[in-house]
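The values are calculated or read from the model by the stated rules, or taken from the named source; none is laboratory data. Everything numeric here is computed off the predicted structure, so don't read it as measured data. Ideal geometry is used to build each Cβ from the backbone, glycine not excepted, and the neighbour counts take in all protein chains shown.
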Amino acid sequence: MTSEPLVSVITTVRNCEKFIGEAVGSILHQTYKNLEYIIVDDGSTDKTKEIINQFLGDRRLRLISFDKNLGRVTSLNTALAESKGKYIAIHDADDVSMPERIEKQVAFLEKNPEYVLIGSNIIEIDIHGNEVGNPRKPTENADLQFSIMLKCTLVNPSTMFRKCVCDEHKIRYEKRFIHAEDFGFISRLAGYGKVHNLEEILLKYRRHPNNNSKVNFGELDSSSTEIARLNLWHLGLHLESSQVKRIRALISSKGISKDHVLEDVSVLLKAIEIYIKKNGEHKYKEIESILLRMPNWLGRKNILLKSSYKSLNTKIRELRKELGGIEG
């Protein structure tokens, strides 16, 4: 009888015959053995289910099959309801978990009960498994909690979380956040404890033309904007969706609305000030990075020639000084 806590690994899949075999194998060959692996097949019409069936000799694997496509939210919530583990690990059908992923994440959560959710750094791979990117994510709670208000900073298929928190607070995936259900789920969960990203690379995240972020970008962006709007509302800022969308574009380096940049940077600075006041003194690397970029968004010429821009830039410098980002 093992003393290790049970981990429920969840994969939802529809028509992923090219990658599902490697994805499943990476979980069943984890160094951490006390796990159950729940796969929900959402009405696949290719050979996905046939490939999964080849792994059913491993008694830890359980396949739930839908006769028709019910959608990812239904699939995720079904798997969550069926899970018996202390911890839930998300694993996508086209990704590859490193052999020690589950072991290292369990070790962190067992040692740090105040944390409800963790992820890890990743490498990005292409359809052939070749490395194509190595993005670095924030690791500390103070940075992640701020970032999660505006965008899904954690890489969802690298995450593990405490099931008891989901059950106690009735946190489930929501259809109203179509194609951004992960962001909505993570945002709610993060409100009930600390969040962390392990620095180790524990996941190979596959980039390909059928990624949700590419195929469904419009709906994903709209849903993500609504989640961010609600998060800012809880912070005390009641903003229009159009402005939230512009602010998200600013911090993601996806565009500046010159007609609104003064207003948008002012609101973002206000959000930062409220967040710092609420959360106290920390080393805010992500916030310092945003503050450092703000003068570029405003435009050096505007700061020099327009009093309103100059005044806002002074406030930015004062806050950077308070945070230790510049010398007095």
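Below are the figures for this structure:
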{"item": "Condition met for residue 224 (crowded, with 20+ Cβ neighbours inside 10 Å, modelled with pLDDT of 95 or more and more than 23 Å from residue 97 (Cα to Cα))", "result": "yes"}
{"item": "Condition met for residue 255 (at pLDDT below 95, surrounded by fewer than 16 Cβ atoms within 10 Å (Cβ to Cβ) and at positive phi)", "result": "yes"}
{"item": "Helices (runs of 4 or more DSSP H) wholly inside segment 85-203 containing at least 1 residues that are modelled with pLDDT under 95 and touching an Asp or Glu at 6+ places or on another chain (Cβ under 9 Å)", "result": "141-150"}
{"item": "Residues of segment 244-284 that turn out to be out of contact with any Asp or Glu (no Cβ under 9 Å at 6 or more places or on another chain) and among the aromatic types (Phe, Trp, Tyr), as a count", "result": "1"}
{"item": "Selection from segment 270-321 of residues that are farther than 20 Å from residue 138 by Cβ and acidic (Asp, Glu)", "result": "318"}
{"item": "Filtered residue count, segment 53-84, keeping only those that are in contact with a Phe, Trp or Tyr (Cβ under 6 Å, 6 or more places away or on another chain) and either over 23 Å from residue 25 (Cβ atoms) or among the charged types (D, E, K, R) (or both)", "result": "3"}
